[in-house]
1. Consider residue A:227 carefully, then state whether it is among the hydroxyl-bearing types (Ser, Thr, Tyr), touching a residue at least 24 places away in the same chain (Cβ under 8 Å) and not in a loop (DSSP other than H, G, I, E, B).
2. Considering only residues of the range C:144-172 that are in contact with a helix residue (DSSP H, G or I) (Cβ under 6 Å, 6 or more places away or on another chain) and assigned to a strand (DSSP E or B), which is farthest from residue C:62 (Cα to Cα)?
3. Filter the strands (runs of 3 or more DSSP E) completely within the range A:363-435 down to those with at least 3 residues that are touching an Asp or Glu at 6+ places or on another chain (Cβ under 9 Å).
4. Looking at (1) in contact (Cβ under 8 Å) with a residue 24 or more places away in the chain; (2) within 10 Å of chain C (Cβ to nearest Cβ); (3) among the aliphatic types (A, V, I, L, M); (4) within 29 Å of residue B:181 (Cα to Cα), can you tell me which one residue B:9 breaks?
5. Does the range C:222-234 include one or more residues that are over 16 Å from residue C:170 (Cα atoms), over 21 Å from the mean Cα position of the chain (by Cα) and not hydroxyl-bearing (Ser, Thr, Tyr)?
6. I'm trying to understand the selection: among the residues of the range B:123-145, which are among the basic types (Lys, Arg) and closer than 21 Å to residue B:97 by Cβ?
7. Within the range C:102-130, how many residues are surrounded by fewer than 17 Cβ atoms within 10 Å (Cβ to Cβ), part of a loop (DSSP other than H, G, I, E, B) and either more than 11 Å from every other protein chain (Cβ to nearest Cβ) or among the aromatic types (Phe, Trp, Tyr) (or both)?
8. Restrict the check to the range C:268-290 and report whether at least one residue is touching a Cys at 6+ places or on another chain (Cβ under 8 Å) and outside any loop (DSSP other than H, G, I, E, B).
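The values are calculated or read from the model by the stated rules, or taken from the named source; none is laboratory data. Note that the coordinates shown come from a computational prediction; the quantities given were computed from them, not determined experimentally. Here Cβ is always computed from backbone atoms with ideal geometry, including for glycine, and neighbour counts include all displayed protein chains.
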Amino acid sequence: MKTLLKGGRLVDPANGIDGTRDILIDGDRIVRVGIDLPVDGALVVEIPRGLVVCPGLIDMHVHLREPGQEHKETVATGTASAVAGGFTAVACMPNTSPVNDDANVTAYILAKAREANLARVYPIGAVSRSSKGEALADIGDLRKAGCVAITDDGRPVSTAILMRRALEYAGMFGMPLIEHCEDPSLKGDGVAHEGYYAASLGLRGMPGACEALGVERGILLSELTGSAFHVAHMSARQSLRAVRKGKEAGVRVTCEVAPHHFTLTDESLATPLAYDTNTKMNPPLRAAEDRDAMLEGIADGSVDAIATDHAPHHYDEKKVEFDRAPFGIVGLETAVPLSLDRLVHAGRISLSRLIELMSVNPARIFNVMGGSLAEGAPADITILAPDLRVRVDAAAFRSRSKNTPFDGWELRGGVAATIVGGRTLYVNPASGLATT
Amino acid sequence: MPDTTSAVVMDADRISRTLTRIAHEIVERNKGVDELALVGIRTRGVHIARRIARTLREITSREVPTGALDITLYRDDLMRTAVGPQPVVRRTEIPFSIDDQKILLVDDVLYTGRTTRAALDALIDFGRPKAIQLIVLVDRGHRELPIKADYVGKNLPTNPEESVQVRLEETDGLDEVVLQQEARP
Amino acid sequence: MTMVPEVDQGPAITSLRSKDLLGIADLLPEEITLVLDTADAMKEIASRPIKKVPALRGKTVVNLFFEPSTRTRTSFEIAEKRLSADTLNIAIATSSVVKGETLADTAMNLEAMRPDMIVLRHSSSGACHLLSRICRSAIINAGDGTHEHPTQALLDAFTIREHKKQLRGLKVAIVGDLTHSRVLRSNVHLLTKMGADVWVCGPPTLMPTDIKRWGVTPTNHVEDAVAGADVIMMLRIQLERMEGAYFPSLREYFRVFGMTEARLGLAKPDVLIMHPGPMNRGVEIASEVADGPFSVILEQVANGVAVRMAVLYLLAGGAEHEDPA
């Protein structure tokens, strides 16, 4: 079954392409990319003017909540949310119940993913058993079962010595260690960024230094071990400073930023809705200087990836006092509009750079296929609609959870279609793309 | 602004003579000013009460204790309207005991009688007067409760669409009573 | 013979804009003045033989206290009863370990009984904001976490105004655990809105981030704070703070920051000493100062009832919320 995507603007930075091209898909592979390809019995899909065809987007940091917390999200609903958000693949975090610290849990997750048959799922395994920070998990086993990285996300690795061992060990398998960077004693029982707004509202704060301490530790240990270290959900300017210095020194450090950290600041704690628990996440929304630093890092190449840290929570769980609310917001279905509107249309980065951040680099960091539209590559394709006016509607999210601070936002830029392995899994009726 | 026609029904001179006449009536009816006290209902009732007290002092050379009563918290229309501000509460100052006294309640206009009812409730919470008499400058009729004034400055028959404005020098810069007709456009 | 002085000027406004009192932060200076003027009228009721007026007759007020508090709760209860309201006291023992009904659940159950007003004290900042989004009743904040305690600031202002006639231009020094004090935040909002010159003083470990943005003068030196002060407010040092390594010992705290007679001498000769209570004698304040001639601490307590009556009265007349989202 052959499909010809005809006449679209192709942005494929891995292959140096930004121009009008046709793509011929056969089965689950891209077989040809070129100008004015012959139809040759293929189903022709005309790409309307204005849409952009790119390698499938990969979200490096997603919480699918299954097994154990299916009231918030399942692999099925999470991957549905992913394709609606333009993602052909997601990497899911191990802080499920039970924790993904052994091959059985990994196999379970992958079985659910196969059942759902939507976005690809790359499980990330735990660093330590139950993420308790005491003994290493069976990392080799996890690798064999399909994990692409390790992390104790939700919290930092408990001690420097354990992190050192984990880096050394995981390095053997070529797996990066992803770290939720934080110093627990500085964090204390903080619930928001330590700054003017938290102080005025009477919320306990966590300073940017708290995150940066974890970043510095990781960079030093990465240097010591020679293994790959990835900073999850970076938010503080001090963290960025440390990452820059680490990269300059040749350390194998990479980092990701979530869209809420390059869009919102701690002012959201107070307005428009004071104590809105949909502005509570860890790391927290920080001051304008931190948000601006993240934007700079994205523009100048210090930041490697945009990852949502999609953290679904049930409505009832968030409808509590700010102190008691769980950390996190969903992000799969707002990432593309926010990135197009606030990064590309705002003139900070080019579309090419955006694809690097959302496809090329994630694939490279995990060493998985994707990030490119070369001939022979899997047909994982995202078609973007950069000029589509989008109004965020949380009630219409495919995700089981609706905890977002962006409900009602009017943004410029959306997803037209998401194709995984040659199958079109999502088409946006407003994009002008004919549904096949 | 709605179109209004107004007529002055009492001028400063008339008001002055009326209050003097009332003061004399008080002395006559009560056979002096023993055990009498004046309590004016805020706001204009208070000024009228003071003027009467002054005249009584001139007539009898005696000081009649005078107090000010705020009846806002006793109104029967408090909290009833779903929207809109509550009336402003001010201090009540009755710096003497009203037990066994004859209280002369003073108000500017007597209309439905509800203000007087509220004032009676308030006074009873202050003590047990021997008697309460009501003094009003203007009685405009249309009672909704069985209330009667003991001393009336002027009887003024009115329609419900009309309004009676009492202006006093202490609050409004001049003394006059005006009958206003509000014609809705 | 007493001729009562007549203040015939009406206040600039006659009602509060919001259905709730969640904090001083949301009030205009004119609204603060309205509350204080109304409290003035309410105060007189306490001196009557029958300390009751029918203003809130038939209204139901629920005192929902998630934190223990004798002083504030009884003050509210007396205020409610003096206005003839029907009061309902719900005291919920809290423990961080005890899970169970959430605040939202408790509120929705209460809502079913249609109380007119809910007075809420809770250990989480923002709890009253949550309640106001769930309930149609008017919400009065009796202290939420470390955020605000608006009726305390209002009664403090009332007390100051009785002595000093106005707040504008006064130097007010607030000393103590600034980071964890909701009384501080409410007082800073109120005093700065009314044009006072506010100094705040405490150890650096208990100084909120970016405090200069609050429009106050921060200092770690209590002598600078109290020099020439018209009013000194002492905040309670919570003994539990010792665990957070905020300062080495209570003795040290008293030596460096405690209000002693010597320090008192630096203030104006007619200075007012205030404390929201309960006091830790010998920690933030010396006994001689607490019981001395400049202390108006007991007046604050008495004024609390009048101020809370004013707040209840002004909010009870408000319209019901629209159906919550």
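1. Details: among the hydroxyl-bearing types (Ser, Thr, Tyr): yes; touching a residue at least 24 places away in the same chain (Cβ under 8 Å): yes; not in a loop (DSSP other than H, G, I, E, B): no.
Here the answer is no, as residue A:227 does not meet what is asked.
2. If we take residues in the range C:144-172 being in contact with a helix residue (DSSP H, G or I) (Cβ under 6 Å, 6 or more places away or on another chain) and assigned to a strand (DSSP E or B), then C:172 is farthest from residue C:62 (Cα to Cα).
3. The strands (runs of 3 or more DSSP E) meeting that bar are A:381-391, A:410-420.
4. Only one criterion is unmet by residue B:9, namely (2).
5. As a first pass, look at the range C:222-234 and keep what is over 16 Å from residue C:170 (Cα atoms): C:222-223, C:234.
Checking the rest, the ones that are also over 21 Å from the mean Cα position of the chain (by Cα) come to C:222-223.
Okay, now just the ones that are also not hydroxyl-bearing (Ser, Thr, Tyr), so C:222-223.
For the range C:222-234, residues over 16 Å from residue C:170 (Cα atoms), over 21 Å from the mean Cα position of the chain (by Cα) and not hydroxyl-bearing (Ser, Thr, Tyr): present.
6. Going through the range B:123-145, the residues among the basic types (Lys, Arg) turn out to be B:128, B:130, B:140, B:143.
Selection gives B:128, B:130.
7. So in the range C:102-130, the residues surrounded by fewer than 17 Cβ atoms within 10 Å (Cβ to Cβ) come out as C:102, C:105, C:108-109, C:111-114, C:123.
Retained after the next criterion (residues that are part of a loop (DSSP other than H, G, I, E, B)): C:102, C:112-114, C:123.
Checking the rest, the ones that are also either more than 11 Å from every other protein chain (Cβ to nearest Cβ) or among the aromatic types (Phe, Trp, Tyr) (or both) come to C:112-114.
Number satisfying all stated conditions: 3.
8. Going residue by residue through the range C:268-290, those that are touching a Cys at 6+ places or on another chain (Cβ under 8 Å) are none.
No, the range C:268-290 has no match at all.
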